[in-house]
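Structure record follows, encoded as structure tokens.
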Amino acid sequence: MAKPMGWLARLPDEGALSAAVQQLRAQGWTRLQVFSPYPIEGLAEALGHRSRWSGPVILLVALGAAGAAFAMQWYSAVIDYPFVVGGKPFGHWAPFALVTFAMGLLGTVLAAIIGMLAGNHLPQPYHPAFNVPDFADASDDGFFLLLAADDPQAGDEPAVHQALEAAGARIVAEVPA
Amino acid sequence: MSEREPLMPDQLTHGWLTQRVSALVLERRPPRSWRVGVVVCALLTLVFVIGLSHLFATGVGIFGLNIPVAWGLPITNTIWWIGIAHAGTLISAVLLLTRQRWRASINRFAEAMAMFAIVCAGLYPVLHLGRPWFWYYLLPYPNDMGLWPQWRSPLVWDFFAIATYLLFTSSFLYLSLLPDLASLRDRASARATRLFYGVLALGWRGDALHWARYERATKTMAAVAAPIVVAVTGIISLDLAVSIVPGFHFTIFPPYFVAGALLSGFATVAILAVVLRWMFALEDLVTRQHLDYLGRMMLIFVVIVNYAYTQEMFAAWYSGEVEYRYVYLDRWTGPYAPAWWGMILCNVGLTQLLWFRRVRRSPLAMLALGITTNLGMWLERFQIVFTSTHADYMPSNWDTVWPTGWDWAIYAGSLGLFGLLLLLFVRLMPMISMHDMRAQIADRGRDG
């Protein structure tokens with residue numbers, strides 16, 4: 001039989017899930033995936049997730065979009081197509097401010113949503129865990145933990161089972177590769 | 001201070017919530033009231049389509065527009081519709097940032113309301129163009145005429161503001177739907193249904209790292225929502241305020257319009273809350289306590305709007321200009337006086353009932369006040385657009401213009417379109433945000 005992708009275990013509630021994650025991380029397991037039907041505070045951090053980039057990247061995109069919008073308006077109104085309206089100066093910033101602001105906001109929105117999808121590698125219609133029938137509860141009231149078989153510590157199956165059960169999890173299934 | 005009712009039943013569990021909310025979508029037979037609503041709204045949408053066909057074939061002459069009242073009902077309706085959209089954004093975004101728990105069960109249909117109200121709002125300016133097929137002239141695209149949009153024109157600002165708002169609202173609605181679409185995918189029994197929700201869910205599986213990035217994206221978007229709301233209606237109010245027309249040229253217009261927008265928006269959320277909780281028997285999830293909170297939000301904006309009315313009148317008097325003062329005399333006694341007094345009755349008079357807790361907690365009263373407040377806000381937009389322009393500086397210019405049957409038909413049609421889109425939405429998508437409610441249920445467990 002081919003080597004499985006990993007083992008899926010279920011926990012009774014969010015507190016047990018957080019505790020299990022902390023215990024397994026402390027034991028040195030690294031290839032953990034955790035699933036819950038709603039966001040649980042601190043869980044991603046417990047898994048070693050740090051976000052250093054998202055804020056600065058979103059800010060840069062927003063400033064870039066605003067800057068590009070301003071530059072386009074200034075170029076068109078001053079250089080390419082100067083047009084006298086009520087004798088007002090061609091390059092004054094005030095009339096350009098609104099479109100600049102709107103485009104800055106649009107840049108923020110697009111950077112946030114595209115960054116989220118890209119960071120999560122979505123869309124990704126297939127995941128091995130979807131093969132486990134019980135996994136449907138992950139979008140309802142189930143809290144799951146997946147220990148991947150390529151974890152350096154995952155030598156043999158009984159050891160993995162033992163670690164999971166010691167962390168309070170109930171083994172649900174072997175996830176096929 | 002008071003004996004607050006719980007915002008959800010004590011026995012509500014994650015499993016029961018998922019089962020109930022997804023059944024609203026996955027069950028085969030919708031309630032009878034829903035089917036009746038769809039038929040009525042579809043007929044009105046048909047009126048809308050007929051009106052548009054006549055408009056495109058004949059031109060804007062079918063509307064009651066004439067110099068000096070060149071904007072008429074289409075722009076009145078744009079301002080009104082965009083205002084309705086704003087409360088949806090505010091509920092989902094600002095109440096998220098301020099961690100208001102009562103948003104969880106009403107944010108979804110408020111967002112959907114925002115989405116479809118913008119569709120209606122965005123259509124009107126295009127219809128109002130003499131040659132709507134040239135709407136893309138507003139875009140700064142490379143063209144062989146060597147032309148650029150006129151950046152000093154509020155019409156161009158409008159275009160950018162409404163387009164940004166439309167993109168923001170659709171992304172925010174989709175982002176909020178994403179985990180719930182996964183729930184539907186996992187519950188659906190028919191293969192086609194599973195495929196439909198599965199494709200839309202993009203493979204969402206509730207991974208903890210996904211949730212972390214998801215929450216960061218949601219909060220970032222929520223943080224820009226308030227500036228977007230202020231910018232969109234602020235910019236629309238500038239369409240009027242940057243002109244020198246007496247009755248338009250007031251510096252209070254941007255905040256005044258934003259407050260009015262939020263008032264009509266919360267009124268519409270109240271209408272939808274009452275109708276949907278009755279239609280789908282959700283009285284325990286959308287409680288009287290929610291209606292109470294919506295009533296309080298309305299009351300905040302009633303106070304601001306009423307203050308703005310007094311300041312508008314004060315500014316007209318204080319300007320010392322006879323034309324500005326005349327605008328007010330004309331609003332009180334001129335041909336459009338019923339609109340002004342109707343607005344005062346709805347927005348200043350009837351809304352004071354919201355001070356009473358019993359009124360805020362009564363679904364019927366909230367439905368009635370939601371309707372009268374929307375009517376009042378519509379009359380406010382109407383009197384601003386019509387009375388200001390019909391009698392400006394030059395008496396030789398004065399004229400009185402009335403909306404035509406086609407104006408009314410297209411307006412009624414747009415209401416039907418809004419209702420149809422919303423009714424279809426609540427049957428295709430979960431109308432209560434399951435993941436937000438799950439977090440609330442978990443929170444309740446922690447507190448208790």
What about A:ALA136, is it touching an Asp or Glu at 6+ places or on another chain (Cβ under 7 Å) and surrounded by fewer than 19 Cβ atoms within 10 Å (Cβ to Cβ)?
yes
Of the residues A:ARG25, A:ARG52, which is basic (Lys, Arg) and assigned to a helix (DSSP H, G or I)?
A:ARG25
Per the filter on segment B:191-206, residues under 15 Å from A:ALA136 (Cβ atoms) and either open to solvent by less than 40 Å² (accessible area, probe 1.4 Å) or in a loop (DSSP other than H, G, I, E, B) (or both) are B:TYR197, B:GLY198, B:ALA201, B:GLY203, B:TRP204, B:ARG205, B:GLY206
Note down all Cβ pairs under 7 Å where the first residue falls in segment B:312-336 and is touching a residue at least 12 places away in the same chain (Cβ under 8 Å), the second is in a helix (DSSP H, G or I) and open to solvent by 50 Å² or more (accessible area, probe 1.4 Å), and they're at least six residues apart or on different chains.
B:ALA316/B:ARG325; B:TYR328/B:MET313
Report yes if some residue within segment B:147-157 is out of contact with any strand residue (DSSP E or B) (no Cβ under 6 Å at 6 or more places or on another chain), within 11 Å of chain A (Cβ to nearest Cβ), free of Cβ contacts under 8 Å to residues at least 24 places away in the same chain and among the polar types (S, T, N, Q); otherwise report no.
yes
Of the residues that sit in segment A:1-17 and are open to solvent by 30 Å² or more (accessible area, probe 1.4 Å) and in contact with a helix residue (DSSP H, G or I) (Cβ under 8 Å, 6 or more places away or on another chain), which one is farthest from A:PRO128 (Cα to Cα)?
A:GLU14
From B:MET377, B:MET366, B:MET431, B:MET343, grab the single residue that is open to solvent by less than 10 Å² (accessible area, probe 1.4 Å), outside any helix (DSSP H, G or I) and more than 14 Å from chain A (Cβ to nearest Cβ).
B:MET431
Which of the residues belonging to segment A:71-97 are under 38 Å from the mean Cα position of the chain (by Cα), facing chain B (nearest Cβ under 7 Å) and either within 18 Å of B:GLY146 (Cα to Cα) or not in a helix (DSSP H, G or I) (or both)?
A:MET72, A:GLN73
In segment B:215-240, the residues that are surrounded by fewer than 19 Cβ atoms within 10 Å (Cβ to Cβ) and free of Cβ contacts under 8 Å to residues at least 24 places away in the same chain:
B:GLU215, B:PRO227
Considering residues of segment A:36-49 that are in a helix (DSSP H, G or I) and open to solvent by less than 70 Å² (accessible area, probe 1.4 Å) only, the residue farthest from the other protein chains (Cβ to nearest Cβ):
A:ALA46
In this structure, is B:ARG438 open to solvent by 40 Å² or more (accessible area, probe 1.4 Å), closer than 23 Å to B:THR18 by Cβ and in a helix (DSSP H, G or I)?
no
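The values are calculated or read from the model by the stated rules, or taken from the named source; none is laboratory data. Keep in mind that this is a model prediction, so the values were computed, not measured. Backbone-built Cβ (ideal geometry, glycine too); neighbour counts: all protein chains shown. Ligands, DNA and RNA are excluded from the accessible area calculation, which covers all protein heavy atoms including side chains. Shrake-Rupley method; radii C 1.70, N 1.55, O 1.52, S 1.80 Å.
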